[in-house]
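What follows is calculated from the coordinates using simple rules that are stated; it is not laboratory data. For clarity, every value in this text was computed on a predicted model and none was experimentally measured. With ideal geometry, Cβ positions are generated from the backbone for all residues, glycine too; neighbour counts draw on all protein chains shown.
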């Protein structure tokens, strides 16, 4: 792999690392909150829609990050 392709691999690995750490933190928060309330965590359809729309918003901001606006 030459140096011109190296940035792609670094970007992908950074994205995977950030996603894994973010997912771990989110699951730790869910587990901690469930332990505080002595209940099992449950994801309703409405909660799933909220999370999905929130993720789409974040992905949209990331996609617009590299685009210069004039």
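Among the residues of segment 33-50, those that are surrounded by 10 or more Cβ atoms within 10 Å (Cβ to Cβ) and either in contact (Cβ under 8 Å) with a residue 60 or more places away in the chain or assigned to a helix (DSSP H, G or I) (or both) comprise 33, 34, 35, 47, 48, 49, 50.
Regarding residue 23, is this residue surrounded by 10 or more Cβ atoms within 10 Å (Cβ to Cβ) and either free of Cβ contacts under 8 Å to residues at least 24 places away in the same chain or in a helix (DSSP H, G or I) (or both)? I'd like the intermediate steps shown before the answer.
Working: surrounded by 10 or more Cβ atoms within 10 Å (Cβ to Cβ): yes; either free of Cβ contacts under 8 Å to residues at least 24 places away in the same chain or in a helix (DSSP H, G or I) (or both): yes.
Yes.
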